Amino acid sequence: MIQITDVTKIYNGPRGQVTGLDRISISITKGSFVTVTGSSGSGKTTLLVTLGGLLRPTTGSVEVDGQHIYSLKKNQLSRYRNRKIGFILQTFNLIPYLNALENVMIPMIFASENKNGGCHPRAESLLERMGLRERSLHLPRELSIGQQQRVAIARALANDPDLILADEPTGNLDPAMAMEILEILRKLNEDEDKTIIMVTHSPMAAAFGTHRLDLRNGRLI
Amino acid sequence: MKLNTIIWKELFLRKSQLVSALLAVTLGIAVIVGIQTVAAVSEKAVKIKMENLGANILVLPQSASVDDYYAADIDAPTFPEAYVERILNSALSGVDNLSPKLTRRIDTGSTNVVLTGILPSGELAAKPYWTISGLSGEDTGHIHKGSSGKYADPRLQRTAIETLNRNDVLVGKVVAERLNLTEGGTITLRNHVFTVAGILPETGTVDDNRVFAHLHTVQGILGIGSQISCIEIMGCCSAISDGLLGNLRNILPDTRITTIGQIVSTQIETNSLMEKISLIFLVIILIVGAISIGNFMWANVEERKREIGTMIAIGATRGIIYRLFMTKALVLGAAGGFFGYIIGSAGAMILGPRLAGLAVAPMAVYLLYAVLMAVLISLTGSFIPTFRASRLDPSLIMQEV
Ligand SMILES: Nc1ncnc2c1ncn2[C@@H]1O[C@H](COP(=O)(O)OP(=O)(O)OP(=O)(O)O)[C@@H](O)[C@H]1O
Ligand SMILES: [Mg+2]
């Protein structure tokens, strides 16, 4: 259960203040597949990073399972993101000099604080689930765009998070690959009851959601 | 996989940057190691030379300065010759040899001569151990001359003066040339005619400028009763540190006792100059090395902003970011120190014989110092970039590239 109450985000940029989010309140129940739509600059990404514990709102509160996440200390918040949230981004953000397997293992290493290296089998099975068993030792640049996004999804699932936040995960993919990714997300939502919040521009992708949020100028409509 | 895998794989991504960042530290450490290695060898050489030169403890009159010892002015203070007996009777251990001296600069009419009265060892040899150890310059067995004895400079080996007739003088090479003296000739000093019994080989020390005569004769012609201006003592090094000086001071409370280490010799001066240069280099290296590593790390953080942001977003704590960058700094420092040591030692081995005339062997302890210092430099220089990395805003990963 995610509850955000009266959240406003004002960016203090060098060229004055910009309102990213304007008094937003939403509650999202566990197991929902929420899609977030809206025109460019409407605040979709801002909402997602605020939900993800990456950006402290100017005012308002973000509660996850009763926990005010922004009252956590920085390191606690890092650990919270590490265990509870999987991020999938439009630009994948894979570490370029690590192979697919190693990229998937990173959140596990962070979770174990480097104490054990026993995350190998899980990383392999995640890649296998993404259909990338043969590619596990390849560097990101040696993979197709769609494959890279699947590695990113495997990485997002590394610590078996409850919540998956995706910012235009299909934005860089052709329709066939986009469909593939969306199917994966739907399966995660349906089979594993993962809560998914996905920002998208495409009506086709938005149709995958069980709930829909529409933003305009930082406000919900 | 562990965190170190990430560090290791990233390390070799930008090789040319890596090399140039390490250059300052490596070369700096190389210079310091080179200087220190040569200096250490040279110091050893000085020690051996000092032993060869003879006295390493000087007993001077209370009011005398070390300068007086060299200047030998007419009114330079003196003390009784009987003090020699006091030392001999005390049977102090570590006193291998001693020679009382009375030194005076006197006018020969045409020029100045430094006349030094010495007591030949034959006359001091009432005590058996006295003869065994001989006069200054003999190997007393306490000195390690290096296996091959390569530092033993024959010019510096004094030969024992066993006997010296009352009317004979031994003349230093330089004086002999200046006054045109030859063996068997004569020289008149203060109306006393001396026979030149020998010309001393050149030593490169003050001895070259001196005329040596029998102590008692010198005392006579100068009219200075049984007084002497100094006692040179050959004390063994370990005995000196074990309190020989203190014991001597107890026996001869109204004198000034000093070691040759406190006396300025050119070689020691050179060494201390080297040390100073080395120290200045050290400071420069600390600063330049830290800045160059810091610069590299700063650029590294700048380039990896997105990657670091991603890591923080997916759960890297500050501690993990610190470990990523500080471990990298540690590896860089250790590598810089290691290569610096290799280059510096090689440089010392190649240049040492040419510049200082010394055979130089690499000193293993400096490897430890070099690595420790380079690591310190690297960690210091990397601290600010790492601090910055740990505080990067993870939300920037959502921005498009
Ligand atoms: N770091 C920032 N500093 C200043 N203003 C910002 C910053 N990030 C976003 N904004 C502004 O906040 C508003 C919302 O931005 P946001 O990125 O959330 O939009 P978006 O809906 O994700 O747009 P897009 O569909 O183009 O990704 C925009 O007007 C944007 O210019
Ligand atoms: Mg956006």
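The values are calculated or read from the model by the stated rules, or taken from the named source; none is laboratory data. Please read all numbers here as calculations on a predicted model, not as lab measurements. So basically every Cβ, Gly included, is an ideal-geometry build from the backbone, and we count neighbours across all protein chains shown. Remember, those area values only see protein heavy atoms, side chains included, never the ligands or the DNA or RNA. Shrake-Rupley method; radii C 1.70, N 1.55, O 1.52, S 1.80 Å.
Taking label positions 7 Å along the Cα-Cβ direction at both B:Tyr369 and B:Ile384, the computed distance is 2.9 nm, reported to one decimal. Using the Cβ-Cβ distance between A:Asp191 and A:Ser112 with R0 set to 25 Å, the FRET efficiency works out to roughly 0.45. Remark: accessible surface ordering of A:Tyr11, B:Tyr83 (largest first) is A:Tyr11, B:Tyr83, probe radius 1.4 Å. Total buried accessible area between A and B, probe 1.4 Å, nearest 100: 2900 Å². Here region A:160-188 and region A:66-80 have alpha carbon centers that stand 26 Å from each other.
Summing Lys and Arg as +1 and Asp and Glu as -1 over all other residues whose Cβ lies under 10 Å from the Cβ of B:Glu10 gives a net charge of +3.
Backbone amide hydrogens, once placed in the peptide plane, bring B:Arg210 within less than 5 Å of B:Gly172, B:Val175, excluding anything fewer than 5 places away on its chain. Between B:Leu273 and B:Thr186, residue separation times 0.36 nm minus the direct Cα-Cα distance comes to 26.9 nm.
When only alpha carbons are used to place a centre, region B:307-361 and region A:7-65 end up 45 Å from one another. Evaluating 6.51 cos²θ - 1.76 cosθ + 1.60 at θ = phi - 60° for every residue in region A:4-10, the Karplus couplings come out as 10, 10, 6, 7, 10, 10, 10 Hz, glycine and proline recorded as x. Ordered by 1.4 Å accessible area with all protein chains kept, B:Trp8, B:Trp298 run largest first as B:Trp8, B:Trp298. Label separation (B:Ala361 vs A:Thr58): 7.4 nm, computed from points 7 Å beyond Cα along the C-beta direction. For A:Met179, the solvent-accessible surface computed with a 1.4 Å probe is close to 80 Å², ligands and nucleic acids excluded.
Ranked by solvent-accessible area (1.4 Å probe, protein heavy atoms only, all chains present), the residues B:Leu367, B:Leu170, A:Leu165 order from largest to smallest as B:Leu367, B:Leu170, A:Leu165.
For A:Ala207 and A:Asp160, what does the FRET efficiency come to when R0 = 25 Å and r is the distance between their Cβ atoms, rounded to the nearest 0.05?
Numbers: r = 27 Å, r/R0 = 1.08.
Taking R0 as 25 Å, the efficiency between A:Ala207 and A:Asp160 is 0.40.
Database remark: amide H of B:Leu189 closer than 5 angstrom to the amide H of B:Phe194 (H placed geometrically; neighbours at sequence offset of 5 or more, or on other chains; Pro and chain starts carry no H).
Measuring only protein heavy atoms, the 1.4 Å probe finds B:Ile350 accessible over about 100 Å². Scalar couplings 3J(HN,Hα) for region B:216-231, obtained by applying the Karplus form with A = 6.51, B = -1.76, C = 1.60 to θ = phi - 60°, are 5, 5, 4, 4, x, 6, 8, x, 10, x, 9, 10, 9, 9, 6, 10 Hz; x denotes Gly and Pro.
For region A:164-174, 3J(HN,Hα) computed residue by residue from phi via the Karplus equation (6.51, -1.76, 1.60; θ = phi - 60°) reads 10, 10, 10, 9, 6, x, 10, x, 9, 10, 6 Hz, glycine and proline entered as x.
For region A:73-221, the C-alpha radius of gyration sits at 1.05 times the compact-globule guess of 2.2 N^0.38 Å, with N the residue count.
Taking R0 as 51 Å, what FRET efficiency do you get between B:Asn295 and B:Gln62 from their Cβ-Cβ distance, rounded to the nearest 0.05? The partial results should precede the final answer.
On the way: r = 59 Å, r/R0 = 1.17.
Calculated transfer efficiency: 0.30.
Among the protein heavy atoms of chain A, carbon and sulfur supply 49% of the accessible surface, probe 1.4 Å, non-protein parts ignored.
With a threshold of 30 Å on the Cα-Cα distance, the over-threshold entries among A:Lys187/B:Lys9; A:Lys30/A:Lys73; A:Lys84/B:Lys9 are A:Lys187/B:Lys9.
Backbone amide hydrogens, once placed in the peptide plane, bring B:Ile228 within less than 5 Å of B:Phe79, B:Glu81, excluding anything fewer than 5 places away on its chain. Computed with a 1.4 Å probe over protein heavy atoms only, the accessible area of B:Phe212 comes to about 10 Å². Relative to the longest principal axis of the Cα atoms of chain A, helix A:100-111 runs at roughly 60 degrees.
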